[in-house]
Structure formats: structure tokens, C-alpha cells
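**Student:** Next up is a structure, given as C-alpha cells.
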Amino acid sequence: MYQNKPVAKGLDWMVVLLYAALVLIGITCIFMVEYKDATNWVTTFFNGKTSFSKQLMFAGVCVVLASFIMLSDSKLYTAFANLFYLFGILLMLATFVIGKDIKGSRSWIALGGGFNLQPAELCKIFTALALAKYISLQETDFTKTRSQLIAAGIVLLPAVLARFQHETGLALVYLSFFIPMYREGLPGKILVIGFSFAVLVIASLLVPWYWLAAVFTLILVLLIYFMFRQIRRNIGLLIIMILTYAACLSIPLFVKPYIFDYALECYQSTRILSAFGQDYDCSKNKHTSSSGKTGFKPDDYNVKQSKIAIGSGGFLGKGFLKGTQTRGKYVPEQNTDFIFTSLGEAFGFVGSFLFLGIYLLLLFRIVKLAERQRSTFSRVYAYSVASILFFHIMVNVSMTIGLFPIIGIALPLMSYGGSSLVTFTILIFILVRLDADRQMVLR
């Protein structure tokens, strides 16, 4: 199905220009990391052997994909949303059989020629479409618990599969879909409970459990004292208080040990705890890490080198191709997960601030696009795109400056990798296509 009207009609050029700017900045940063003085940079840009030349090839592929999407009919995405989602899930399942192990993660499918596909990345697009499709159905009443559980199931299924593939970072990205669900009527108390749970887990890492128990007990006693009259009239309040008290105590005593000793592998627990200045004893871990990584390597090395690189940039930066830390290969994974360090070192605080400003403009523009849609399908999809981008940006940048544990999340349109660049390109240009037909009601 193709559009007969001009491609540029209704096109939001601001999103397109911001997208192009970020892709070009990303290629430039990868170039700064890999450039060598003795080589001919013009030749290396087109030989397909360096990361920046490959990223340029990926960008070319993305131009073709974006053009195809802009020529397509918006109804295509509602008509095939569920089939796309099923295809994505089958691809993720296929990795368990034919998947290629890369750095301990069996989440890749080899395409030949040195290129690999990561279905968990691609499935973010399909999940966004499937969630938008379900919520926009006329028979879906999203105020009902049943509808909310089905929507949560759509989101959590690929997250669970990603976790089994040892892609914890990608699994966490799927939690961002709860933001568009909240926009469509998911009770705020669910988000409050989830946020409170995360806060309590972090608190249990920073404060001994007996201090937390003392604080919880004091709060319970004070609540009973000040609400004694209400409790006498409604004994159910006391039951709720006691159950909440027991749930809070269970987090440091039972939930935290389960997460770090059973749910996570040794190297993952080590990374998270090292972010809070603590060590982890891998003898407590109940399963052997399939990644082959051990917890006794100083996992905060990456973050230390990243902070040194960014800090060395100072206020205005060292200048283009003058970074000593990133070009000296001191920062591991500097063209993927830690690509932000090359920009921070070269252009300093000012450059980093302006760069993050581009991301902020893109996010605000996408939210504006979401709110002007007539179709629930288009609005939910737009918020899904904004949420995914926000989660990736927030976690990746926080990770490079030591405010978040290292979980392996790409910086959108910046980090090296075909799967990541293609995924974000398709995500954004489907939104641009839907916005061009914003007067159309899609279901």
C-alpha cells in the first residue's frame, strides 16, 4: 500500500532535521575515536573496514528505509501490527536455536558479511505498534484491569525473552512502555508502587537492613498513633498498614538477596553493587555466568575511565581529533556504549550541553506530535517512541558519568551498530509517516 500524494506533504521537517543532525554527530564521534594520523581518512570513510565507514553504510541503508516508510500507507502499520509483533517474538525465540554468542549475549542472528541482527532491538518497534493497536481497539476499555494486564503482557513478553538472552539492558527498556500506558489511563498508583520498589531496593544497598527496619517500625507506630480513630472505625486500614510494613521489610531481607544471588548473574550483580561503592562475593551467586565473565574484575574501571575522559574536556573541550583519552583507547566500548565520552572530551561541557539540547528538542517535538494526533493508535505509538528514546538517553548518559550501573544500552542514533541505528530510524520515521496523516483516524 502506497501513498499517491507527495511524500513531503505534512512531513514534520523538524524531526527529520534533528534526526539527521544526531546521525551525523554520531558518525563524527565514531570517527574521532578511530581516526589515526597516518591514514587517509577519505579512503577509510568508504572502505567499509572501519566502524565509522560501516556506520556511514548503515546510515545509507537507513535513508532507503526512511524513504520507503514515507512512501508507504499509514494503514499498513495498523493492519499488520499484530503480525509484526508475532514475527518479532518468533525472531527472538529463533536466537535460542540459531543465535550467535557475542560478548556473552546470545541475542544475535548472523546475516553474513560480518553483519548481525539483534531481534530484541527490532522488537521494540513491533511492541510499540502492537501496544498502540491493542489500546486503540474500540472494544478495549483501558480503565479495566483486564485490558491493562493484556497490555502489560504485550510489553513484558519480549522483555522476559531479552532477559533470557542475557540482555538485561534491553529488557529494562521495555519498561518504558508503561509511560504511554499511563498516558492512556493506567492508574498512577501502579507507577508509584514501581518507583517505591526501586527506591527501597536502592535504599537497601546503601543502608543496613536493621536501620531500615527501625525506620519502617517507627513510621508504622506513628501512623497507628495519629490514625487511631480512623483505625477503630475501619480495621481494614490497620491490615493494609501491617501488610505494607511486611512488604517493605521483605525487600532488604528477601527480595534484594534474590535479585543479586538468583535473578542476576555474577558480573551483573558486581557491576550494580560497584556503582554503589560495594563489593559482591560471587560465591553467593547460585548459577554460573554463561557470559564467562567473573565478578572479581574491577567493573568500575569503565566508569572511571569514562569520567576521566569527560572531565578532561573541561568547559570548552580539547578540540576536534585532539582527545587523548578516547583516542588512546583508555575507555572500553567507546564507540558503542560510551560514545558520549568522545563528545564530552572533544567539545567539553558546552558541546555536551548543546548536544543534549538536540535530544531534548527531539523529545519535546515528538510529544507535541503525539498530542496533535486524532488517532489513539498514532498517539500511543508516538509516546512509545518518546519513552524509548528518553530511557536510552537517560540511562546511557547517566551510565557514562557514573550515576547508573553499566547495563549496555546504546545512545540513540549515536552509538555504533546497524541494529540500533536501523531500529531508531524505523521507529522515528513510522511516527513521521503517521503524523503526516494525523487527520486520519487509525485503528
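FYI, it's all coordinate maths here, none of it is from the lab. On a predicted model such as this, the values are computed, not experimentally measured, just so you know. In this analysis, Cβ positions are derived from the backbone assuming ideal geometry, glycine residues included, and neighbour counts consider all displayed protein chains.
**Student:** Hey, how many Å between the Cα centroid of the range 51-82 and the Cα centroid of the range 377-443?
**Tutor:** First find each Cα centre; the distance between them is then 14 Å.
**Student:** Here's something else I'd like to know. Using +1 at the Cβ of each Lys and Arg and -1 at the Cβ of each Asp and Glu in the range 195-284, identify which of Ser283, Ser269, Met241 lies farthest towards the dipole's positive end.
**Tutor:** The residue sitting most towards the positive pole is Met241.
**Student:** For the charge dipole of the range 195-284, defined by +1 on Lys and Arg C-beta atoms and -1 on Asp and Glu C-beta atoms about the Cα centroid, which residue among Ile251, Leu205, Ile224 has the Cα displaced farthest towards the positive pole?
**Tutor:** Ile224
**Student:** Next question, about the same structure. Put +1 on the Cβ of each Lys and Arg and -1 on the Cβ of each Asp and Glu in the range 324-443; which of Val350, Ile426, Pro412 then has its Cα farthest toward the positive end of the dipole?
**Tutor:** Ile426
**Student:** Quick test of your reading: applying the under-4.7 Å Cβ rule, which cysteines of the chain are isolated?
**Tutor:** Cys29, Cys62, Cys123, Cys248
**Student:** A follow-up question, please. Helix check for the chain. Which DSSP H runs span at least 15 Å along their own axis by Cα, with a mean Kyte-Doolittle hydropathy no less than 1.0?
**Tutor:** Going by DSSP H runs, the hits are 13-34, 51-71, 81-98, 145-164, 188-206, 209-226, 235-250, 339-371, 376-400, 418-436.
**Student:** In this model, which of Lys36/Lys318; Lys144/Lys189; Lys49/Lys124 are farther than 21 Å apart at the alpha-carbon?
**Tutor:** Lys49/Lys124
**Student:** Looking at the square roots a ≥ b ≥ c of the eigenvalues of the Cα gyration tensor of the chain, which shape do they give, rounded for a/c under 1.5, prolate if a/b is larger than b/c, or oblate?
**Tutor:** oblate
**Student:** Compute, for the chain, the length of the dipole vector about the Cα centre, with Cβ point charges of +1 (Lys, Arg) and -1 (Asp, Glu) only. Units Debye, rounded to 20. Intermediate results must be reported in sequence, preceding the final value.
**Tutor:** Values: 39 positive and 22 negative charges, 134 e Å.
The calculated dipole for the chain is roughly 640 debye.
**Student:** Which whole-number percentage describes the relative contact order of the range 195-284, with Cα contacts under 8 Å and a sequence gap of 6 or more?
**Tutor:** With pairs under 8 Å counted, the relative contact order is 33 percent.
**Student:** In whole angstrom, how long is each semi-axis of the equivalent ellipsoid of the range 207-282, when you take the square root of 5 times every eigenvalue of its Cα gyration tensor and sort them from largest down?
**Tutor:** They are 35, 13, 7 Å, listed from largest to smallest.
**Student:** For the range 320-417, what percent of Cα pairs sit more than 24 Å apart? Spell out each step's value before the answer.
**Tutor:** On the way: 1434 of 4753 pairs.
The proportion of pairs with Cα distances above 24 Å equals 30 percent.
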